[in-house]
Amino acid sequence: MDPQPQCVVCGELLHNQNIKDHHESKHANLMDKSEEYFKRKLSEFSNSKQAMKGFVTSNEKALETSYPVSLGIATTGQAHSVGENLILPIAKDIVLTLFNENMANQLNNILLSKWQIP
């Protein structure tokens, strides 16, 4: 199945026969714009979709990571706060030393509080 067309100006999903009608009715002020303008909008739109996909993937990975850590804490019988107060700060120090601050800050997305884990 072919992907459904999407307006590069507003992001609305369109049917093939509605592309021209959509632009005439919702973006009439842009009808005189050059092809280059719409190519640039397409590039911007694609980049924003990629950024959002990366964000969602990152959050999914952070959630996935929280489960084995929480299981390990529960298996040892430790207080659940050990995840937030010991494991996460140490993991951030390790990642900061090996990689960079941006990667270390991504560890903040890992849910380790007993009140946060779904």
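Taking other residues whose beta carbon is less than 13 angstrom from the beta carbon of Asn105, and scoring Lys, Arg as +1 and Asp, Glu as -1, yields -1. Structural descriptor for the stretch 35-109: relative contact order 22 percent, calculated from alpha carbon pairs under 8 angstrom and at least 6 residues apart. In order along the stretch 27-36, the Karplus-derived 3J(HN,Hα) couplings, from 6.51 cos²θ - 1.76 cosθ + 1.60 at θ = phi - 60°, round to 10, 4, 5, 9, 4, 8, 6, 6, 4, 4 Hz, and Gly and Pro are given as x. Taking amide H as placed 1.01 Å from N in the peptide plane, the amide H of Gln6 sits under 5 Å from that of Leu14, each at least 5 places away or on another chain.
Just so you know, all these numbers are worked out from the coordinates, no wet-lab data involved. Predicted, not measured: the structure shown is a model, and the values here were computed from it. In this analysis, Cβ positions are derived from the backbone assuming ideal geometry, glycine residues included, and neighbour counts consider all displayed protein chains.
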